[in-house]
Structures are given as structure tokens and as C-alpha cells.
Amino acid sequence: LRRDGYQITSAPNRGYRLAGGPDRIRAGELAGALAGRTVGRELVCLETVDSTNTEVKRRAAAGAAEGLAVLAEEQTAGRGRRGRSFQSLSGKGLYLSILLRPAVSLAELSQLTAWTAVAVCRGIQSCCGAEPQIKWTNDILLNGKKLCGVLTELELEAESAAPSHVVVGLGVNVSQTAADFGPELADIATSLELEGFSVRRAELAGQILAALDDLYAAFPAGKADYLSDYRARCVTTGREVLLLPAFAEAVDDDFGLVVRCPDGRRETVTSGEVSVRGLMGQYV
Ligand code: BTN
């Protein structure tokens, strides 16, 4: 371990103490913190992979049990929503996907993505004290810029259309600099380090996996707690959104976005993306 960069102190008759470690994610370090939990009961930590979501899908097809978590130092083909690519620089972010096999209806499952946003915020907050917010439906922001993206993918059984498994993937920007983001992203993306929070990614991974496990244990019965936290963190409501156009008023009891149209009509939007005036350089 010392050879690998872990700082270990020792005292005669008192034993050893882990004083610090390298910023690397290792299953051995995470396993102890996650003992007894469903999420993270199998941990696969890779140096490089095309996409952790794709790797979980491959393993799910081969029969992996729910709770599998795949983490990678680097992704060569990280994916975002709507076919976009997700920048995944080596060692600078947390790239993590988990496999769930929830026995719930499709309607309930559609809310999992909003729950995930809450769990990720809680994990980040308990790791370093940062208080992330949520841009509906599940972009995680810090100080108005995107800190983390979530990609939830669902596999249905062809015969019954019943959900067979869900892959929840998330990418947290940890130590990127403004130069890492480049001019295109500099105004809309940020990292924990850029906002003044220095974290070890292994610690962050452990806290987020634990928060995801808490979520999964509460899903779907513990909705009230997640819904109120979601509403408290949601920065979309109370702002104009470029959608119809319309004004975002509230998040309803099913995590839908309630918007007021120019003619006074109210509509509920349940999926898709909205541009929010004044957030992430959008709709200004
Ligand atoms: C988005 O913001 O559009 C979602 C980005 C999701 C990125 C994460 S990184 C880990 C996992 N693997 C992927 O290929 N994508 C997700």
C-alpha cells in the first residue's frame, strides 16, 4: 500500500493508522464503507473503459446481480443524455454506474431519475459540505454551473415490457480546471475543486454509493422525503423557462414540472430538457 502512495503510520504496540492515500479509486478501500449494503456489494474499479453505463449493461446481460457498481478512472466514450458525449478526463472526475433491478411499475420507475439527483446531492454534501442544487430533471449544479450529469437507462423485457434492469450512471466533475473545460464549457460547467472543495474521489464515491443505497432502500415508499428535498434543491421553479415559452411554477407530486403558459394555462411536463433563464448561460 505504501508503494501505491498510501500514507501509513505505525507505533509500537499500538498498530497502524491510515493517514492518507492517493486520489485513486480502489475496490478494497470502498468495500469496508459499503459492507452490508445492496448498492456497491460488487465493486469493479477500472483504469479505463468505453463507458461505465455500457460496462454495467454488458455485465447485466451476463447475469450480474443488482447493486453492481462500476467505476473508472477514465471513459473513452462517456455518454450523456440525447446522444451527447460526456467529457471524461482521466482522474479528474468520478465516473460511476450502478445496476438496479427494482420490482416496481414503469410509472414508479420513471421517478427514479429524480430520486437519484437527490441522492447524488446528499452524497456530495456529506462528503465535503457543498450544497448542490438540481436543474429539473436531473442536472446537478453548484453555484449555477453544472457539476454532475446523470444518465439513467432502462432495459425492458421484450415479451412483457416489464422493466428488467436499470443502469444509473453519473459523472461528477471533481478536479477539472477551467482550462480542462475549454471555452465551450467554461461558462456552464464547474468542478468541486473550482468551487473550493478539495475531495478524494474514493471518499466521494463511498458517500455517493451509500446515498444511492439509502435511496434504493426507501424506493418507492419513502417518496415524501425525496420529494421535499428535491423541491428545496430545485433551481428551475420560480424562473422563466424556454419551453413553450412558459414560467416554471412548481414540481408536482410525481416530480413533473408545472409550467404556466402565456395565456394562463397550466401544463405539466414530465420529461425532456428545458432551458432556464439565468442558469448555465442559457436563455439570456
Ligand atoms: C448528461 O449530463 O447528459 C448525463 C451525463 C452522464 C455521464 C455519466 S459518467 C458515468 C456514466 N457513463 C456514461 O457513459 N455516462 C454516465
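Check whether at least one residue in the range 111-134 is within 12 Å of the ligand (Cβ to nearest atom) and assigned to a loop (DSSP other than H, G, I, E, B), and report yes or no. No, every residue in the range 111-134 fails to be within 12 Å of the ligand (Cβ to nearest atom) and assigned to a loop (DSSP other than H, G, I, E, B). Residue check: R17 meets all listed conditions (1) in contact with a Ser or Thr (Cβ under 7 Å, 6 or more places away or on another chain); (2) within 16 Å of the ligand (Cβ to nearest atom) but one, namely (2).
Residues of the range 156-191 being buried (at least 16 other Cβ atoms within 10 Å of the Cβ), hydrophobic (A, V, I, L, M, F, W, C) and assigned to a strand (DSSP E or B), which ones? Within the range 156-191, V166, V167, V168, L170, V172, A189 qualify. Being within 14 Å of the ligand (Cβ to nearest atom) and free of Cβ contacts under 8 Å to residues at least 24 places away in the same chain holds for only one residue in R58, R82, and it is R58.
Report yes if E47 is open to solvent by 70 Å² or more (accessible area, probe 1.4 Å) and within 16 Å of the ligand (Cβ to nearest atom), otherwise no. So E47 passes the test.
Take the conditions closer than 17 Å to D213 by Cα and in contact (Cβ under 8 Å) with a residue 60 or more places away in the chain and apply them to L89. Does it pass? The answer is no for L89.
If you check A179 against the conditions, is it in contact (Cβ under 8 Å) with a residue 12 or more places away in the chain and of a type in the set (A, V, I, L, M)? Criteria not met by A179. Contact map, the range 18-39: residues that are open to solvent by 40 Å² or more (accessible area, probe 1.4 Å) paired with residues that are among the hydroxyl-bearing types (S, T, Y) and modelled with pLDDT of 90 or more, Cβ distance under 7 Å, separation 6+ or inter-chain. Pairs shown: A19/T9; T38/Y216.
Taken over the range 61-78, residues that are farther than 23 Å from G28 by Cβ, within 13 Å of the ligand (Cβ to nearest atom) and among the hydrophobic types (A, V, I, L, M, F, W, C) amount to 1.
The values are calculated or read from the model by the stated rules, or taken from the named source; none is laboratory data. Remember, predicted model here, so these are calculated numbers, not experimental data. So basically every Cβ, Gly included, is an ideal-geometry build from the backbone, and we count neighbours across all protein chains shown. Note: accessible area is taken over every heavy atom of the protein model, side chains too, but ligands, DNA and RNA are not part of it. Shrake-Rupley method; radii C 1.70, N 1.55, O 1.52, S 1.80 Å.
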